[in-house]
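Below is one structure; the comments refer to it alone.
The values are calculated or read from the model by the stated rules, or taken from the named source; none is laboratory data. Every value quoted in this text rests on a predicted model; they were computed, and no experiment measured them. No Cβ is skipped: glycine too gets one built from the backbone with ideal geometry, and neighbour counts run over all protein chains shown. Calculation scope for accessible area: heavy atoms of the full protein, side chains included, ligands and nucleic acids excluded. Shrake-Rupley method; radii C 1.70, N 1.55, O 1.52, S 1.80 Å.
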Amino acid sequence: MTIFSRYLIRNVFTGFAAAAGLLIPLFTTFTLINELEDVIPGGYRWTQALLVTVMTLPRSLVDLGPFIALLGGIVGLGQLSKSLELTAIRAAGLSIFRIALVMLAAGLLMNLSLGAIDEWVASPLQQRALQLKNNALAQSNDNDVTVNPLWARHGDEFVTVKTVDENDQPHDIEIFRYRADRSLESYLYAESASTAADGSWLLHNVMRKSWQGRKETLQRRDSLPWQSLFSVPSLKELTLPAGSFSLRQLDRYIDYLHSSGQPSIEYRLALWKKLGQPLLVLAMILLAIPFTFSAPRAPGLGSRLAIGAIVGLLTYIAYQIVLNLGLLFSFNAPFTALAPPLLILLLALTLVYRFDRQG
């Protein structure tokens, strides 16, 4: 790597830092406002809302990666263009195509950093923040607090768990068993359960109903052993949104959903979105080159940043719309998550080629 290449990368990363310093506080303020709306007396406190906001900062950094890449690239190259250093670099023999390759190298380094943060920092912290919030809301006496139950299926047996406490123990468990003709054979309700590492549960305060013809049988027991249909180590993981999972968790949970015959489109989209994000980062970095070389003598960096912010925001919104449409209509997950980044990357490469030919 030449001195010019290292100098370019250093300036581009300075631009990344400046863009992150602008965007992260802005979006964090929006996050804090949303969290404060969920504050409940006697449950979710404002100090917990502030802590949850801080713990989700790495997730915000990862999600805003493409936005930061575009604005950071415009800032880094724009400063060099304004000081005529970019003109000197090109006069020294560095073509626009080679500058694009250096930008791609910076993008690869950025992707490696964001990938590591996502897998080992953002996902664990976001999950802990969500669990903190859920536990605080569960302690409230507010009846308006909604609960997302867990579902699992194996063959003709279905189970739902209404809540999971702070010790990862299930409460309000319902188990349905159906016959081959889809008629209900038995229904079981347990107030709580003690779970073991081998997947066995000990149900407590059990009420069981069964039907044979028109005859209904009711049984009550203090405890009853049951082999769980949930094959994941922690039930708390299942109460979390797909976007908070790491790649390893997504892969494991998708296998579990397939084995239990449950739909997995939401989690497959989340997995492929994580794989498509690096492509989008590279595409947005390359888009910074047309912003710079379209008017190399223009001194106004602010106007380029404003246009770049609009382009980045529209791209972010459009990508979220595509992903939500893919989830709504159950489109092919790899195509839905990878097609938009690939199209934008193709557009960016086309623009770079055009400016390189003109230069």
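Points to keep in mind about this one:
- Exactly one residue out of 337, 348 is in a helix (DSSP H, G or I), within 24 Å of residue 85 (Cβ to Cβ) and open to solvent by less than 70 Å² (accessible area, probe 1.4 Å): that is 348.
- Selection from the stretch 46-85 of residues that are over 24 Å from the mean Cα position of the chain (by Cα) and closer than 20 Å to residue 278 by Cβ: 74, 76
- Each residue in the stretch 23-45 was checked for being surrounded by 13 or more Cβ atoms within 10 Å (Cβ to Cβ), under 23 Å from the mean Cα position of the chain (by Cα) and not aromatic (Phe, Trp, Tyr), and 8 pass.
- Being free of Cβ contacts under 8 Å to residues at least 12 places away in the same chain and assigned to a strand (DSSP E or B) holds for only one residue in 203, 257, 224, 218, and it is 218.
- A single entry from 318, 270 fulfils the requirement of being assigned by the TED database to the domain that holds residue 23 and under 30 Å from residue 135 (Cα atoms): 270.
- Residue 65 among the small types (Gly, Ala, Ser), modelled with pLDDT under 95, in the same structural domain as residue 118 (by the TED database) and open to solvent by less than 10 Å² (accessible area, probe 1.4 Å): no
- Criterion applied to 160, 239, 195 was being of a type in the set (Val, Ile, Thr) and free of Cβ contacts under 8 Å to residues at least 24 places away in the same chain, and the one residue passing it is 160.
- For residue 70, the conditions (1) open to solvent by 20 Å² or more (accessible area, probe 1.4 Å); (2) assigned to a helix (DSSP H, G or I) all hold with the exception of (1).
- Filter pass, residue 59 being open to solvent by 30 Å² or more (accessible area, probe 1.4 Å), in contact (Cβ under 8 Å) with a residue 12 or more places away in the chain and not small (Gly, Ala, Ser): no
- Any chance residue 250 is open to solvent by 20 Å² or more (accessible area, probe 1.4 Å) and of a type outside the set (D, E, K, R): no
- The stretch 327-359 - residue that is among the hydroxyl-bearing types (Ser, Thr, Tyr) and closer than 19 Å to residue 281 by Cα and, of those, farthest from the chain's Cα centre (by Cα): 353
- Within the stretch 236-249, the set of residues being over 26 Å from residue 171 (Cβ atoms) and not in a loop (DSSP other than H, G, I, E, B) comprises 247, 248.
- Evaluation of residue 306 against the conditions (1) surrounded by fewer than 13 Cβ atoms within 10 Å (Cβ to Cβ); (2) at pLDDT 90 or above; (3) small (Gly, Ala, Ser) shows that the sole unmet condition is (2).
- Candidate set: the stretch 73-88, residues that are assigned to a helix (DSSP H, G or I) and not aliphatic (A, V, I, L, M); chosen: the one farthest from residue 16 (Cα to Cα): 87
- Qualifying positions in the stretch 89-102 - open to solvent by less than 60 Å² (accessible area, probe 1.4 Å), part of a helix (DSSP H, G or I) and farther than 14 Å from residue 353 by Cα: 89, 102
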